[in-house]
1. Ignoring ligands, DNA and RNA, please state the percent of accessible area on the chain from carbon and sulfur, probe 1.4 Å.
2. Which is the longest part of the chain that has none of the trypsin sites (Lys or Arg not before Pro) sitting in a DSSP loop with at most 12 other Cβ atoms within 10 Å?
3. Take every DSSP beta bridge with both residues inside the chain and express the antiparallel ones as a percent of the total, to the nearest 5.
4. Please report, in Å, the Rg and the Dmax of the chain, where both are computed over Cα atoms only.
5. Lys/Arg Cβ at +1, Asp/Glu Cβ at -1, dipole of the range 1-71 taken about the Cα centre: which of Ala54, Thr16, Leu71 is farthest positive-ward?
6. Each residue of the range 105-117 in turn: what ³J(HN,Hα) in whole Hz from Karplus with 6.51, -1.76, 1.60 and θ = phi - 60°, glycine and Pro shown as x?
7. Pull up all non-local amide H partners of Glu170: gap of 5 or more, or a different chain, and H-to-H distance under 5 Å with H placed in the peptide plane.
8. Step through the residues of the range 78-88 one at a time and calculate ³J(HN,Hα) from phi using the Karplus curve (6.51 cos²θ - 1.76 cosθ + 1.60, θ = phi - 60°), rounding each to whole Hz and writing x for Gly and Pro.
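The values are calculated or read from the model by the stated rules, or taken from the named source; none is laboratory data. Keep in mind the model is a prediction, meaning the values are calculated, not measured. Glycine gets a Cβ as well: all are built from the backbone with ideal geometry, and neighbour counts include every protein chain shown. Protein only, heavy atoms only, side chains kept; ligands, DNA and RNA dropped before computing areas. Shrake-Rupley method; radii C 1.70, N 1.55, O 1.52, S 1.80 Å.
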Amino acid sequence: CKMGTVDKQEALVVTTYGRRVDVRLQSGERVAARIKGRKLKPVCGDRVTAQPIAGEPDWLITDILPRSNALTRPDARGRTEVLAANLTLVVVVAADPPTPDWFVVDRYLSAAELMGVKAAVLFNKIDRLTDARVEPPALAEFEKVGYPVLRCSAATGQSMADLQRLIAGETTILVGQSGVGKSSLINRLTDNPALRIGAVSAKSGEGRHTTVNSALLELPSGGAVIDSPGVRDFAPAVESAQRVVAGFPEIEEAGRACRYANCRHLKEPGCAVKAALDEGAISSRRYESYKRLKRLTEKLNA
Ligand code: GDP
Ligand code: ZN
């Protein structure tokens, strides 16, 4: 006769639906799990301690193992909400349609920088580009900063091999506005329909038995991809306005030459960031993003 705790094991959180989650056990089996206590909030990518519940198919999550990082955003009440954990790569997806909001793309990129995780931009739906509908100039700006920029079509499969190469062996989260094609891209990444996941919905109870908040797909090539609900707006939770600059590598880099070490790159004399802006070495849109995120962080932390 085994004691209940004997079967305790480490598991990976692969789907979250509100307070319910699915985990993958060491055996590879996926099981539904309940969460012990209100304070515990496991997210996709979390490694947790799980144990079977006697006489029930569900498992119980008792602990979340220490996270190497977490993608967070402030919730409606200004508290930090965790979207996913233990990532190695953030891929920010944009497309047209929906009309891209490049400030949101900048904020996701800054979140990756602040977490110390690699980031890339993926422009999807390139099958819609024509001689008259050329790619947005923002893409070249991201490349200039140093981010890999992929141009793909989940619809035709074009350049999907580039995405496969980029994410091999990584724990990737695909983020971006709703409708850019995150679910379509993830479904393209696997040929096994059984592994496919449905579109992640930001709303609840819309014609689905259970609404998936977030799902992790383990890739045949190694690594995993996490889908997340599309949000209209996103801002990283940053602990102070001074830290915002760490989210913008080209501004941080140029800022090393400012006259004052504590230069905020706003109106200070001898500001090297302003000089780089005037020369066109830094994009004015990216600089505007920096200022906006700084103001927002001041407001949220006030
Ligand atoms: P998500 O909300 O980011 O997960 O986006 P979906 O994957 O649900 O896609 C939103 C819509 O865009 C759907 O109607 C898709 O069929 C369409 N779509 C996705 N990828 C492409 C693409 O590469 N080209 C075109 N033309 N449409 C696409
Ligand atoms: Zn400066």
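1. Values: 7450 of 15110 Å².
Within the chain, the accessible surface is 49 percent carbon and sulfur.
2. Values: sites that count: Lys2, Arg19, Arg38, Lys39, Arg77, Arg79, Arg133, Lys203, Arg232, Arg259, Lys267.
No qualifying site falls inside 134-202, the longest such stretch.
3. Working: 29 of 49 bridges.
Close to 60 percent.
4. Rg and Dmax of the chain, Cα atoms, are 20.9, 76 Å.
5. Result: Leu71, furthest along the dipole toward the positive end.
6. Using θ = phi - 60°, the values come out as 4, 4, 5, 5, 4, 5, 4, 4, 4, 5, 7, x, 10 Hz.
7. Ala224
8. Here the 3J(HN,Hα) series is x, 8, 7, 10, 8, 9, 6, 10, 6, 8, 10 Hz.
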